[in-house]
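Have a look at the structure below before the remarks.
The values are calculated or read from the model by the stated rules, or taken from the named source; none is laboratory data. Values in this document were obtained by computation on a predicted structure and should not be read as measured data. For neighbour counting, all protein chains shown are included, and Cβ atoms are generated from backbone atoms with ideal geometry for every residue, glycine included. These area figures cover heavy atoms from the full protein model, side chains too; ligands, DNA and RNA do not enter into them. Shrake-Rupley method; radii C 1.70, N 1.55, O 1.52, S 1.80 Å.
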Amino acid sequence: MPQDPTPIVLTFKDSSYTIYSLEEYDLLPDSVKGGPEERRLIESSFKSSTETGENGFSFAFFWFIGVMILIIYRVVKDLKKEQYRDSTPLAYDADYTDNSSSTSCYVYKGKELHFSTDELHKVCDKYNPYYNKLSANNQQLFIERLKKFIRSKDFYIYAPVAYKEMPILISASAVQITFGLDDYLLPHFSTVVIHPEEYFAYEPLRVLVGNVQDNIITLSWKHFLQDYQNPSDGKNVGLHEMAHALQVQYLFRKPNRMNDFKEDYEHYDRLDDEVQQSERLKSNRLFDDNALKNKNEFWATSVELFFERPVLLKLQYPKLYDAICVVLNQDPLAA
Ligand SMILES: [Zn+2]
């Protein structure tokens, strides 16, 4: 009996996408699947499922390097622990367990987090400039969506202290990016992991401030907060990771099923090459090097700029700006 091929996971710096078959891969928008070389690689991966030998050596080598890095990381982390405690943002309400004796993991089931409307409003009003600019009616809708989003996730907080702002504000960034969409719960992602600062991600081993992998959205709280406190520098790791989460949810989950997001994304997809080429020729770029390395990164960075530097993005790349307005069904400049 023929067996289903083993799914292939494409892992980039801070995002990973699961491909279940070559047919599904072929149906993806061009910008997320790479070029002919990637296709050949994926085709051969589906065909050959039992290669060892050289791969075994590679695995052992990377395992050794990984263990060495982990040891160094642990030593550095211990040294930095006291420093972190001193810099913990005490201005935030430590409503939950405060067990500062160790870096523990606090687990909060979204269903059991019963934040009041007033509580959510106060936190978003104080720390989320997007929410701040919404009309009273839209703020009400935002809070309703936020409650539902929080209820649909579990939160794992690997920090000495867990703050109520962590699940609230990270969920708010998801509600922000999906505010124009009917389906906003990102149901593929059941888990949100929060680290106090940079963390290690595995396979491959790397240091990150945010990533999406499997059904998990992970963020560094320090970087998440810093980015929201600088709302016009074009950097926002929360929105960046939510942009990857949208790709996974709407493009890679059942890619053979057409949806409005996918259709609109394909329109955006036809414009990004031109913008990337024009950016590469500039000395004063709007997009950073990371965005120009990879098309998925370009999408996530475009979303950051869309919310944080909309005037500049529209001025320099009006077609791209308009295409993102259509994909996300919202326009920050119209607010
Ligand atoms: Zn990214």
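Results, tabulated for the structure shown:
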read-out	value
Helices (runs of 4 or more DSSP H) wholly inside region 240-309 containing at least 2 residues that are closer than 23 Å to Gln330 by Cβ	260-269, 272-280, 295-308
Test: Leu219 is farther than 20 Å from Val32 by Cα, within 16 Å of the ligand (Cβ to nearest atom) and either among the β-branched types (Val, Ile, Thr) or surrounded by fewer than 20 Cβ atoms within 10 Å (Cβ to Cβ) (or both)	no
Number of the condition not met by Leu251 [criteria: (1) under 22 Å from Phe179 (Cβ atoms); (2) at pLDDT 95 or above]	(2)
Residue among Gly234, Gly238 that alone is within 16 Å of the ligand (Cβ to nearest atom), over 23 Å from Lys319 (Cα atoms), of a type outside the set (A, V, I, L, M, F, W, C) and touching a Leu at 6+ places or on another chain (Cβ under 7 Å)	Gly238
Filtered residues of region 249-283 (kept if buried (at least 18 other Cβ atoms within 10 Å of the Cβ), of a type outside the set (D, E, K, R) and farther than 16 Å from Thr301 by Cα)	Gln249, Tyr250, Leu251, Phe252, Pro255, Phe261
Meets criteria (on the phi < 0 side of the Ramachandran plot, modelled with pLDDT of 55 or more and surrounded by 10 or more Cβ atoms within 10 Å (Cβ to Cβ)) for Phe57	no
Subset of region 152-169 (residues that are in contact with an Asp or Glu (Cβ under 9 Å, 6 or more places away or on another chain) and under 16 Å from Ser190 (Cα atoms))	Ile168
Residue list for region 301-310, filter: away from the ligand (no atom under 13 Å from the Cβ) and crowded, with 23+ Cβ neighbours inside 10 Å	Leu305, Phe306, Phe307
Residues of region 158-176 satisfying the condition of being in contact (Cβ under 8 Å) with a residue 60 or more places away in the chain, farther than 26 Å from Lys133 by Cβ and surrounded by fewer than 20 Cβ atoms within 10 Å (Cβ to Cβ)	Pro160
Any hit, region 14-22, residues being at pLDDT below 80, away from the ligand (no atom under 16 Å from the Cβ) and open to solvent by 30 Å² or more (accessible area, probe 1.4 Å)	no
Sole residue being open to solvent by 10 Å² or more (accessible area, probe 1.4 Å) and at pLDDT 95 or above, chosen from Phe155, Phe149, Phe179	Phe179
Test: Phe298 is farther than 23 Å from Leu27 by Cα and either buried (at least 23 other Cβ atoms within 10 Å of the Cβ) or at pLDDT 90 or above (or both)	no
Of all residues making up region 222-240, the number that are open to solvent by less than 20 Å² (accessible area, probe 1.4 Å) and aromatic (Phe, Trp, Tyr)	1
